[in-house]
Structure formats: structure tokens, C-alpha cells
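The values are calculated or read from the model by the stated rules, or taken from the named source; none is laboratory data. Just so it is clear, the model here is predicted, and its values are computed rather than measured. Here the Cβ positions follow ideal geometry from the backbone for every residue, glycine too, while neighbour counts run over all protein chains shown.
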Amino acid sequence: MPTTKPLLAASLALLLALTPTALSAPGGTDEDRPGPNPLATGDDGLLPFPSLHFTRTDPDSATGLRLAYHREMLRGPDGSLPLDPSICNIADGVSPVTPILVSFGADVHPDFLSPSGEQAETVRSGAPIALIHAETGAAIPILTEMDQNNRERAEYAGRHPLCIRPLAPMEMGARYLVLLTRDLRDSEGAALPAQGAFDALRDGGESGKPAVEALRERYEELFAVAERAGWKREELLLAWEFQVASERFLLGPIRDVRAQTLAAAADEGVPYTIDEVLESPNENVAWLIKGTFQPASFLDARNELKRVSDEVVERSEESPSYPFTMLIPPAARKRGGLPLVLFGHGLFGTGQRYLTRRIGRELVQPLSAEHDAVIIATDWIGLSGGDLTLILTQVVPNISRIRLVTDRLVQSHANNLALVELALGKLQSDPAIGRKQRRPLLDPKAIYYYGISLGGIQGASQVAISPRISRAVLAVPGAGWAHMIQRSTQFSPIERVIDERYPDPLTQNFFTAILQTFFDFSDPANLAPLMVADPSQPRSPSKVVILQEAIGDCQVPNMATDLLARAIGAAHLEVAPDPVFGLRTINGPTKAAVLTQFRVPHLLEEYTPPDENTIPKRDNGVHNAAVLQDVAFAQLGDLLETGRASHPCEGNCDPD
């Protein structure tokens, strides 16, 4: 994914001159605010996170709850937190893939942690760290690690949380239980400190604290669930419960945006302007069209969604213009009925750049010509060209502005839905293009998708919500933004500023975790399962989807790709050189969702990213090299032609 390095120096200088902005707490009253968490593992009140304690009742929510964090109850190492967690209080629970944080003031010994590749250990009965459904006891595979950020700063010793990362989405609307056993030891081999309030609940002793006693009846139920699942209550060091957000809250906005966008396109059409037509710019392109279009908009003057309720988003009166670029192959001169491929660009890129510059000329345009496919693209606003500067100057100094990113990503999905309808409508026959064939350019039943990096991430969500896309290749995709951000070289500029302004590692992890609430509305961890079944779209075509993973990726961490694979129930195709726990292996050709793993050994020998929650020291080049090679494009081409996923290599996809 290309970066915008020439802009960074000015952006960083401006940002560091800014001061933190105080945030207001939405929703609730002083009476709704919970007191100190009786099971807090530190005097700052932040952890454990998430916790059912920080909720309030709300009969209007699907879960009956809303989050209820407030700034006054939480403290950092230098006093009050510089940011206000109440921005997430719109939610009726936490993300299905939320990071889970707890701290005992000491590191957990590595022998009790389960890094990438060791997820089978985390779902066995009696595992030292586990995440289970609070009713059924079903375990979720997790990655467990100690935070490694700012380890060189001695003043933050003891401020590095244990991070528990769900590697499959939790059930929407359900409650989950985190279990830590007394087997756990610190890095010196000593037992972790006893938790007095929890000990009283576990052992039946009197705590003398009304807040603890109020939990006793519910904890008897939770201990019974844990016992049935294989964890004895007397062996528990700590256990706590939290609420996952409902399907209505998580999927309601995007479903409403989809319905309104498609209705507007059908009833009103999609206004557009053609700005430039290049005829025969090279042998692979008959016409290259650049223009703008005006899809239905759901953003207000602050570039935030106009939410009426958990599942209703108000359409704005104004509809801004967005760019589009379209490639029409030479075959269109002689015939019509061509497939349309919606293309998704990489992080901080643009659709036009990917279709017309180096990658476009060398890869995308030849792909269009070889497979007689029209390719069209717009921008993933929120994380497209120019947005890095916007994030650095507006979001990092004032985290309440995170919706400038996340809500615009939702609008991006509306834009891409409308763009497909535009292409199938007036655009394909516009006389300004100059095509003489009478037969319509496009086959409305042959709508496909190809996306790289961000285009694979948001593309997974786009494919899931599209009523037309039936085939897709998602190159180096992922899910769970809160997990990706700390492990991607693409976020290095943001990390540098965060470290300067908010260096406390516990605070950093806490806010990365709660911000997942806002990414949830477009995160494929939540939307991608709709590829398999979406009751709200019964007429949507079945979808054949290929995930292309680059082993040792420094831009989209493999754990995020594997999370996405689990979310859609993908299978390894033919071979599993780096087996993903929970995925079966099947043979092709197939119409099942599949994962193909690519290795570039010589680049991995030069540098392999660490398996920890820090940004790699450099990019090893695997991200692009793995999926922009001939075999990866051969797999894409085969899917476009046959509608089936085939393994493109003899054995492992290993060019060496």
C-alpha cells in the first residue's frame, strides 16, 4: 500500500503543536453512572476491560443495556485521562472482536501465553486464560500476549496489560466470560496477586462491600457455567463478564444505508459527470473514463452519520461528488455483455491511482484486457488519499473525531453500491464514451470484486452487503481494526504521534480497544459473515470468495487475515503451509470460501515481523510481493472465468 510520506513532516509538526481537546460524555445522567468497579485490578479503574460493570440499563436497546464509561471514574498515571471513553456509550455492548485487557502490575510468564499458531490450547477445558460464552460455555479461540509498547520507558513499568484477542467473532447480543486460573505466574515464576473481592465471591466469604455482595447471585450462575465447561471455581484467579453489542446496533446502520442507497439509485438514478475520456491510451484499454458521481449521502456537516436510532440513519439533503475511474477493454469494441469488476484500492490510496499508475498499467489494465472485463473504482473515503493528514491533524488530537474515519467508511460502502448501479445504468451507454456497439456493455449478472489490502479489508464488507457481487478475490485482507492498527507499518506515522502525546501503554491499549466500537459498523469481522447468509437479502447471489494471505505480512498482520477466514467459515485450499486453527482443508475447484497462503521466502529471511502488538520496524515487502505475482493473478483470472476457486500452485504457493 503506498503511503503519503511527503505530507507527513508538515502534518506531524502541526499535530505536535496542538493540545488535547476535552470531550463531552454522550448519553445517560449522573444517576446512570456506575461507581468504582469492585473487581478492578488496579487503582486507576480502567481494567479489566470490557466489563459489565460499566453499563447502564436502557430498555430501548436490543440488549437492554448501554455502555456507561465516564472520564471521572478513570485515571492515568499522571491523573485524569487525556481522553474521554464516554464516546463509546452509544453502544449496547462491546465489539464482537474487542481486545480484552487486564493488568496485575506484572507480566504474565510466556509459558502461559498463546501467541499466533497456538489457539488450540486456548479452547481446551481448564486453559489458564479463556474466553467462553456466558450461557453455553463455548470457548472462543484467542491470542494472548503481554503489551510490548514503550518497554524502554521505565516510568511505565507495570503499565503493560495482558491483551486477550478474540480470533473469531463473538456472538452478537450475547454475554461472555473471561476466565483466568490460579496456574498463572508472573515473569519471575511467582503467583499473581490474589484478587480480594473476587476471592470472596469464589470462596463464599463475606466481602463487607455492598458492590461485591450485589454480584454474588450472578456469580453463582457464572461459576456453574464455568464448571460445566471445564473450569473449577476454586481454580479461578479472576473471572468477569461483559456484554457484546447486538446485531441491531452493529448491522442496523449499514443495512439501512444499503436499503436507502439502492432505493435512491433505482428511483432517482445516480447523478454523474464524465470529466475525461481517453480512447485507446494503450493496447490493454479501449476507453479510460474519469468522472464524478453523487450517490445518496448519509453524512452531516461534521462528516458523521446522521443516526436516528440504532438501526435508522437519516439521508442528508446534499449529495457530495466522489471520483470514479473506469477501464473498458478492447473486447468492448466488438461485443457487449462483459463482466464488471469493482476494484478496491489500498490504504491511503485512490481508485484512480490504482487503475492508472504503475500497478494499474502493469497489472490491472492487462487483467481487464485478458479477461474482457470492465473495471471500475472509487475511493474508500475515511482511509483514502489525503486522509492520513486528516487523521493526524483532526482525529489524534481529539479522539471523539474518530467518526471522521469510521462513519466515512460506511459512506464508502454506500458509494460503491451506487457506483455499481450507475455502471449498470446510464453510464455504460453514455454517448460521451464513444462506443459504437449496440449491445449493452455489461452483463448485469456478472458483477465481481477484486481488492488489495484496504480493498481486501473493506472489500470483504462490500461483497457481503452487495446484492449483485457473486465472485471476489480479497488480496491481503483482514478484520478487526483494533488488532491491526498496532501491528501494521502503515500506521507508523500515527504511532509516533500517539507515543509523543499519550505514551502510557495501558491508556493506548484501552483507547485502541474502545475505538473498535466505531469501526464495527463497517468492519468485516461483523459484516463478512453475511456473505454466507443474509436473511435481509434472500435474493442476493451465492458468493465465491478467495482470501489471499501473505505469510509474514507487515502491513496486514496474519492474525487479522485468519480472523476474517474464521468469520466467513473459509477453508484452506488444497494445502495449509501455515495452518489456521479451526479451518478445514478442501480440494478445488470449489465454490466454497477459501484461503490461499502465499510465501516469499527470501523476503522473510531478510525480515519477519515479531509476533507482538508493536508495529514492525520495517516493511519486508511481503505484502505486495506475495499477491501481485503471476500465480495470484492466475487464481484471480480463473475465478473470473469459471466461477470456481482453484489452487494456483503445485503444492505450496512458494515461488522459491
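Things to note:
- Selection over segment 349-375 of residues that are more than 23 Å from VAL631 (Cα to Cα) and surrounded by fewer than 24 Cβ atoms within 10 Å (Cβ to Cβ) gives a count of 3.
Each row is one residue, and each column tells you yes or no for (1) buried (at least 18 other Cβ atoms within 10 Å of the Cβ); (2) in contact with a Pro (Cβ under 9 Å, 6 or more places away or on another chain).
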site	(1), (2)
GLY189	no, no
ALA214	no, yes
ARG218	no, no
LEU236	yes, no
THR261	yes, yes
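- Looking only at segment 218-232, residues that are acidic (Asp, Glu) and either closer than 22 Å to THR122 by Cβ or not in a helix (DSSP H, G or I) (or both) come to 1 in all.
- Set LEU65, LEU162, LEU167: member being among the aliphatic types (A, V, I, L, M) and more than 26 Å from PRO557 (Cα to Cα): LEU65
- Evaluation of TYR607 against (1) closer than 30 Å to ARG496 by Cα; (2) under 23 Å from the mean Cα position of the chain (by Cα) (one fails), failing number: (2)
- Exclusive hit being charged (D, E, K, R), on the phi > 0 side of the Ramachandran plot and either crowded, with 17+ Cβ neighbours inside 10 Å or touching a Leu at 6+ places or on another chain (Cβ under 9 Å) (or both), set GLU549, GLU574: GLU574
- Counting only strands (runs of 3 or more DSSP E) wholly contained in segment 76-164, the ones carrying 2 or more residues that are of a type outside the set (A, V, I, L, M, F, W, C) and modelled with pLDDT of 95 or more occupy 142-146.
- Yes/no for LEU573 being aliphatic (A, V, I, L, M) and either at pLDDT below 95 or under 26 Å from LEU363 (Cα atoms) (or both): yes
- Between LEU347, LEU340, LEU250, the distinction of being closer than 28 Å to SER453 by Cβ and modelled with pLDDT under 95 belongs to LEU347 only.
- Of the criteria (1) part of a loop (DSSP other than H, G, I, E, B); (2) touching a Gly at 6+ places or on another chain (Cβ under 6 Å), which one ALA560 fails: (1)
- Test: residue in segment 626-644 that is assigned to a loop (DSSP other than H, G, I, E, B) and modelled with pLDDT of 95 or more: yes
- Which listed residue, of GLY64, GLY117, GLY42, GLY105, is among the small types (Gly, Ala, Ser) and without any contact (Cβ under 8 Å) to a residue 60 or more places away in the chain: GLY64
- In segment 454-524, counting only helices (runs of 4 or more DSSP H) that sit wholly within it, the ones holding 1 or more residues that are polar (S, T, N, Q), touching a Phe, Trp or Tyr at 6+ places or on another chain (Cβ under 7 Å) and surrounded by fewer than 24 Cβ atoms within 10 Å (Cβ to Cβ) span 505-519.
- Residue within segment 197-205 that is of a type in the set (Asp, Glu) and either within 36 Å of the chain's Cα centre (by Cα) or assigned to a loop (DSSP other than H, G, I, E, B) (or both) present: no
- Some residue of segment 537-545 being under 30 Å from ALA632 (Cβ atoms), surrounded by 17 or more Cβ atoms within 10 Å (Cβ to Cβ) and of a type in the set (Val, Ile, Thr): yes
- The number of residues in segment 580-609 being within 21 Å of HIS623 (Cβ to Cβ) and either of a type in the set (Ser, Thr, Tyr) or touching a residue at least 24 places away in the same chain (Cβ under 8 Å) (or both) comes to 14.
- Where THR261 falls short, out of the listed (1) assigned by TED's automatic domain parsing to the domain that holds ASN37; (2) touching a residue at least 40 places away in the same chain (Cβ under 8 Å); (3) among the hydroxyl-bearing types (Ser, Thr, Tyr): (1)
- Segment 425-466, residues that are under 14 Å from LEU338 (Cβ atoms) and among the acidic types (Asp, Glu): ASP443
- Taking the criterion of being among the polar types (S, T, N, Q), in the same structural domain as LEU367 (by TED's automatic domain parsing) and part of a loop (DSSP other than H, G, I, E, B), the only residue of segment 413-453 that qualifies is GLN437.
- Check on ALA296, buried (at least 20 other Cβ atoms within 10 Å of the Cβ) and not in a helix (DSSP H, G or I): yes
Per-residue answers, yes or no, for (1) of a type in the set (Lys, Arg); (2) in contact with a Gly (Cβ under 7 Å, 6 or more places away or on another chain); (3) at positive phi:
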residue	(1), (2), (3)
GLY204	no, no, yes
ALA211	no, yes, no
ALA214	no, no, no
PHE223	no, no, no
GLY230	no, yes, yes
ARG233	yes, no, no
LEU236	no, no, no
ALA239	no, no, no
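- Taking segment 281-299 as the range and being more than 19 Å from LEU417 (Cβ to Cβ) and either of a type in the set (A, V, I, L, M, F, W, C) or without any contact (Cβ under 8 Å) to a residue 12 or more places away in the chain (or both) as the test, the residues that pass are PRO281, VAL285, ALA286, TRP287, LEU288, ILE289.
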